Amino acid sequence: MTPAAHSELPPSLVQVATGRLRRSVLSGELRPGERIIEETLCAQLGISRAPLREALRLLAQQGLVEHLPRRGFRVTVWSSKDIRELFDLRRTLEIFAMQTALPLTPEPGCDPLAGVRSAFEDMRIANTAGNEVAKDDAHRAFHEQIVRLAGSTQLDLIYTPLLMKLQLPMARNIREEARLADPIDGLRRHEQLIHALETNDAEIAIKAIEAHGELTYLHLDATV
């Protein structure tokens, strides 16, 4: 089979179920604590329980759903303490990455921030298109690209799973920001991080990360 033919293969049933459930969770259609009714989803998606349960297993690894013994799956419930701790860890790792990476020594004809800029452009395109899930993915990639500036494989291996666990509160914060403030405020905040990185000064970049506002619209005092 040629590479082109392979790329045109339809998504598997597991991929379809995973994508559908992930969109439902990140959009708020399925709320934290809400039970996943397997029979209903199987009927809606026209699939058997085997691919659905594999999708649920994958989403549990990402921290989006959780398994309750003898009760099935539900959308993950994060406490305010959980969310604060996870974001504190994210900030700590990002600060470490900045301390390690900056100042960058660019190679001739090479933009060391190309990955960060590309992810930001994907965020902008998804925002314009109203594709919230694509924006969520680009948002996560943006922060991953910042940490990758450090050039540390071990740091990347620690950071990526943490970011996957945070994708729901990250999505909630940026969507509430768009709803309650200017729809492009989220883009502006991330553009400010790019400007800070462009200074090539670790102290300036760290201050920008510390003032990033990732918790502003989560209303954690009211979170269960």
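Observations, loosely collected:
- Couplings for region 23-38, taken from phi via the Karplus curve 6.51 cos²θ - 1.76 cosθ + 1.60 with θ = phi - 60°, read 4, 5, 6, 5, 7, x, 4, 9, 8, x, x, 6, 6, 8, 8, 4 Hz in order; Gly and Pro are left as x.
- Taking HIS143, HIS190, HIS212 as the candidate residues, the one with maximal mean-square fluctuation in a Gaussian network model of the chain, Cα springs under 10 Å, is HIS212.
- Using alpha-carbon coordinates, inclination of helix 80-101 to the longest axis of the chain, degrees: 40 degrees
- Alpha-carbon centroids, region 89-122 and region 37-63: separation in whole Å: 37 Å
- Among the GluC sites (Glu not before Pro) within region 20-82, those in coil by DSSP and having at most 13 neighbouring Cβ atoms inside 10 Å are GLU29.
- At R0 = 22 Å, FRET efficiency that the Cβ-Cβ distance of GLN15 and THR153 yields, to 0.05: 0.20
- The chain - accessible surface per residue (Å², probe 1.4 Å): 54 Å²
- Cα shape, the chain, gyration tensor, a/c 1.5 rule: prolate
- Remark: region 22-155 carries a charge dipole of roughly 520 debye about the Cα centre, counting +1 on each Lys and Arg Cβ and -1 on each Asp and Glu Cβ.
- Most mobile of SER79, SER48, SER12 in a GNM of the chain (Cα contacts under 10 Å): SER12
- Accessible surface of the chain, 1.4 Å probe: 55 percent of it comes from carbon and sulfur atoms.
The values are calculated or read from the model by the stated rules, or taken from the named source; none is laboratory data. Remember, predicted model here, so these are calculated numbers, not experimental data. Here the Cβ is made from the backbone with ideal geometry for all residues, glycine too, and neighbour counts use every protein chain on show. These area figures cover heavy atoms from the full protein model, side chains too; ligands, DNA and RNA do not enter into them. Shrake-Rupley method; radii C 1.70, N 1.55, O 1.52, S 1.80 Å.
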